Amino acid sequence: MSRNASEEAAARRELLKKIRKIEIVTNRQVNEQLAGQYHSVFKGRGMSFDEVRQYQPGDEIRFIDWNVTARSSDVFVKRFVEERELTVMLLVDVSASLRFGTHAQYKREVAAELAALLAFSAIKNNDRVGLILFSDRPELYVPPKKGKKHVLRLITEVLSFEPGRRQTDLDAALSYLSRVAKRRAISFVVSDFHTPFDDYERSLRIAARRHDVVPIIVRDAMERELPNLGLVPTQDLETGETVWLDTASARVRSHYARETAARHDALIASLRRLKLDAVNVETGGGYVRAIVQFFQLRAKRH
């Protein structure tokens, strides 16, 4: 076996190992913490008639089927079931800035785990899941389907897809969602949102009118505050621009922390103006708690 073939085989084995680990971990988390909350927060399209059955103490009188009752010696009530059949769309950022992480985990790997968590929650409730991978253009669209095999394909794509571009354009991704998702969908937008809000506010506003849009902001701790590492080069992964920072300077570190906090607070405020609840997650774990807290917040409002 040539060196290239050997390296490709090793890369495939490593990818399968990651997928299997994500499958095991997220499946357990869904079963233990999320499936019931997902069901209660994201309701189906309404109730549909299922059957009639004999009246039991505690049944509401308004559900009595008087036609069937009149033809028999017993009282019968109508039984209804929830029409679920929801569609979940995962919009996942695969631009170069997601290839960053300081906790032995890239932001893109967190994005894949989040996608798996949400997708397994959806299929556990018999909902369909689709995927849009985007950079500064839509890179890949996988139409919504059900089933575990389909979810594993989505995880594979998020982890292994090689985008053709490095930069981010949320406007293009949200506009594409509005074109391909004709029915109302629960749309999770997983990104670090490293792009000016004004650039995508209009398309986000339009998407939020039709769909239940949930922004999930993925960050790394170093994007909040800098450690003291002396004079270091920092590179914008999307533009390739390199800037040297004196991280030994308390003033530089303090300024960086204030600037990043201000940008993040401005983003959250802008999303709230559109009545959107953002979920904040970081590399290094803790994203399950963030999703659970989001579900609990939404459940209180219903």
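Since every read-out is calculated from the coordinates, none of them should be taken as a lab result. Because the structure is a prediction, the values reported are computed rather than measured. Cβ: placed from backbone, ideal geometry, glycine included. Neighbour counts: every protein chain shown.
Counting only alpha carbon atoms, the long axis of helix 250-273 and the longest principal axis of the chain meet at about 30°.
Roughly what % antiparallel, to the nearest 5, for the DSSP beta bridges in the chain? Before the final figure, lay out each step's value.
Numbers: 19 of 41 bridges.
That works out to approximately 45 percent antiparallel.
Given a Förster radius of 25 Å and the C-beta distance between Asn228 and Arg258 as r, what FRET efficiency does 1/(1 + (r/R0)^6) yield to the nearest 0.05?
Numbers: r = 17 Å, r/R0 = 0.67.
Given R0 = 25 Å and the Cβ-Cβ separation, E is 0.90.
Here Ser72 and Ala299 are evaluated by their C-beta separation; at R0 = 35 Å the FRET efficiency comes out at 0.30.
Compared with the dominant principal axis of the Cα atoms in the chain, helix 3-29 is inclined by about 40°. Given in Å, the Rg to one decimal and the Dmax to the nearest whole number for the Cα atoms of the chain are 23.3, 88.
Label sites at Lys145 and Val243, each approximated as a point 7 angstrom past Cα along Cα to Cβ, lie 4.4 nm apart. Rank Leu174, Ala266, Pro227 by how far each Cα sits towards the positive end of the charge dipole of the chain (+1 on Lys, Arg Cβ; -1 on Asp, Glu Cβ) and give me just the farthest. Checked the options; the winner is Leu174. I need the calculated FRET efficiency for the pair Arg137 and Gln235, taking r as the beta carbon distance and R₀ as 30 Å, to the nearest 0.05. The value I calculate is 0.85.
Using a/c under 1.5 as the rounded threshold, could you call the range 242-302 rounded, prolate or oblate? The axes a ≥ b ≥ c are square roots of the C-alpha gyration tensor eigenvalues, and prolate needs a/b larger than b/c, oblate otherwise.
Prolate shape, in that a/c is at least 1.5 and a/b is the bigger ratio.
One chain, two ends: Ala104 and Asp198. Fully extended at 0.36 nm per residue, the span grows by 30.5 nm beyond their Cα-Cα distance.
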